[in-house]
Amino acid sequence: QSVLTQPPSASGTPGQRVTISCSGSSSNIGSNTVTWYQQVPGTAPKLVVYDNNQRPSGVPDRFSGSQSGTSASLAISGLQSEDEADYYCAAWDDSLGGVLFGGGTKLTVL
Amino acid sequence: EVQLVESGGGLAQPGGSLRLSCSASGLTFSRSVMHWVRQAPGKGPEYLSGILDSGETTRYADSVKGRFAISRDNSKNTLFLQMTTLRPEDTAVYYCVKGLVGVPGGFDPWGQGTLVIVSS
């Protein structure tokens, strides 16, 4: 079973920069682009990064994504209290023939 | 503004059926690739199914293949998910999502979700 692995938690203080990792394999991140979603508890996920490093309109430039080999990262700079949420990575998997989501990272703003 | 509004969730017995609907507005629905994604309590999202704009091509995750059927009515801007042979592990919030053009795994926006509980 193909999986995308994320750390269960991350934290930072206001103004800091935090990074969330997503580890995959050659059949997903290694050969396809990564998207990132933000989910505030009780609401639907919201797209914050697509195609590894592109931001939809309306997403602050404090959010940035990168990809290298079979891993990807989401960085949030100038951390704000409203960034406290769960973050999920996703990518197409060639072996599965479908989209995989990571298990999620809970970001706490201290 | 694109809006996706799901309905049809609720309590179902194991082995039972439910039909979810998703009403879309603010977009050219007949030209949009649409999908269903679910999220079990405390878990990450799980991709379920997708349908191309014409409705002629569909895709399913192995976990629901043969039990769920996706369809659409472009004249009514509505997406459907017919769920049969429901199992307790199908308990989740079900989201209707619009596919991002050219981005596999790119879903934007998401509906508010409809909760399905499978229990006796």
Practice prompt. With springs connecting C-alpha atoms under 10 Å apart, model chain A as a Gaussian network and identify which of A:33, A:43, A:19 has the largest mean-square fluctuation.
Written response: A:43
Practice prompt. Classify segment B:1-95 as rounded, prolate or oblate from the Cα gyration tensor: take a ≥ b ≥ c as the square roots of its eigenvalues, call it rounded if a/c is under 1.5, otherwise prolate when a/b beats b/c and oblate if not.
Written response: prolate
Item to complete: Shielding by partners for B:104-117, please: the mean number of other protein chain Cβ atoms within 10 Å of each residue's Cβ.
Response: 5
Practice prompt. Name the residues whose placed amide hydrogens come within less than 5 Å of the amide hydrogen of residue B:33, ignoring near sequence neighbours (fewer than 5 apart) on the same chain.
Written response: B:99
Worksheet item: To the nearest whole number, what is the average tally of beta carbon atoms from other chains within 10 Å of the beta carbons of peptide A:84-92?
Response: 2
Worksheet entry | Residue-wise HN-Hα coupling along segment B:101-112, computed from phi with Karplus coefficients 6.51, -1.76, 1.60 (Hz; x: Gly, Pro) | 4, x, 10, x, x, x, 10, 6, x, 10, x, 7
Practice prompt. Determine the alpha carbon to alpha carbon distance for each of A:46/B:76; B:65/B:98; A:46/A:106; B:43/B:98 and list only those over 18 Å.
Written response: A:46/B:76; B:65/B:98; B:43/B:98
Discussion item. Only Cα pairs within less than 10 Å get springs; with that Gaussian network setup on chain B, which residue of B:100, B:52, B:18 has the largest fluctuation?
Written reply: B:100
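None of the figures in this text is laboratory data; all of them are computed from the coordinates on show. The structure presented is a predicted model; accordingly, all values stated were derived computationally and were not measured. Don't worry about glycine lacking a Cβ; one is built from the backbone with ideal geometry, like all the others, and counts go over all protein chains shown.
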